Amino acid sequence: MGYYIVQPEVAGDFGDNTVLDFSVEPAVVTRLEYRFSDWLGDAILECTPCFIVTEALASAITDAGLTGVEFDELEVSLSPEGEELIEEPLPRWKWLRFTGKAHQEDLGVDEDFMLVASERALAVLREHGLNNARVTEVTP
């Protein structure tokens, strides 16, 4: 099975309610607020080292039986720029948390915090909107 590096759209940054633990390396996020500044419509977004997915994509990942992830709640907000630029209501979002190892599970994060997706995971991501991400095949 082939694997791909997926670099999702970055549509915002950490909001004030994000809790980061800098006493460990790499820093660990224990509470996530994703503050949108713009959004081009993809179903998976990044704010290193965190990834979020639409609720619809989270359901599709679960329904497809993809391995290596679980989902958590997060807070979503809009920056002042986001309030001006995002015209339609945002969908509901889930925090994509990784439970497995990159290159072994369907979804994982490598040592450089890059999202690694199997071929079947990439197909599910593309079905739900992955138009603004950079996708690169991992060569063995």
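The values are calculated or read from the model by the stated rules, or taken from the named source; none is laboratory data. Just so we're clear, the structure is a prediction, and the values are computed from it rather than from any experiment. No Cβ is skipped: glycine too gets one built from the backbone with ideal geometry, and neighbour counts run over all protein chains shown. In case anyone asks, the SASA skips ligands and DNA or RNA and just uses the protein heavy atoms, side chains included. Shrake-Rupley method; radii C 1.70, N 1.55, O 1.52, S 1.80 Å.
Residue count for region 35-60 satisfying the condition of being under 12 Å from the mean Cα position of the chain (by Cα), surrounded by 15 or more Cβ atoms within 10 Å (Cβ to Cβ) and modelled with pLDDT of 95 or more: 11. Candidates Glu88, Glu105, Glu119: the one that is modelled with pLDDT under 95 and either acidic (Asp, Glu) or farther than 24 Å from Phe36 by Cβ (or both) is Glu88. When Ile61 is tested against (1) free of Cβ contacts under 8 Å to residues at least 60 places away in the same chain; (2) not in a strand (DSSP E or B), only condition (1) is not met. Screening Val10, Val19 for residues that are under 13 Å from the mean Cα position of the chain (by Cα), at pLDDT 95 or above and surrounded by fewer than 17 Cβ atoms within 10 Å (Cβ to Cβ) leaves exactly one candidate, Val10. Remark: Glu111 falls outside the filter, which requires a residue to be under 21 Å from Gly15 (Cβ atoms) and open to solvent by 40 Å² or more (accessible area, probe 1.4 Å).
Of the residues making up region 27-34, one or more are within 22 Å of Gly108 (Cβ to Cβ), open to solvent by less than 60 Å² (accessible area, probe 1.4 Å) and outside any loop (DSSP other than H, G, I, E, B). Beta carbons closer than 6 Å, at least 6 apart along the sequence or on distinct chains, pair a first residue in region 16-41 that is more than 24 Å from Gly129 (Cβ to Cβ) with a second that is of a type in the set (Ser, Thr, Tyr) for Val19/Thr30. When Glu81 is tested against the conditions (1) free of Cβ contacts under 8 Å to residues at least 40 places away in the same chain; (2) open to solvent by 50 Å² or more (accessible area, probe 1.4 Å); (3) not in a strand (DSSP E or B), the lone failure is (1). Annotation: of all residues in region 115-139 being under 15 Å from Val10 (Cβ atoms) and of a type in the set (S, T, N, Q), the one that is surrounded by the fewest Cβ atoms within 10 Å (Cβ to Cβ) is Asn131.
Name every residue in region 65-76 that is farther than 12 Å from Leu107 by Cα and either surrounded by fewer than 16 Cβ atoms within 10 Å (Cβ to Cβ) or among the charged types (D, E, K, R) (or both), in order of residue number.
Here is the first cut: in region 65-76, the ones farther than 12 Å from Leu107 by Cα are 71-76.
Of everything in region 65-76, those that are farther than 12 Å from Leu107 by Cα and either surrounded by fewer than 16 Cβ atoms within 10 Å (Cβ to Cβ) or among the charged types (D, E, K, R) (or both) turn out to be Asp72, Glu73, Glu75.
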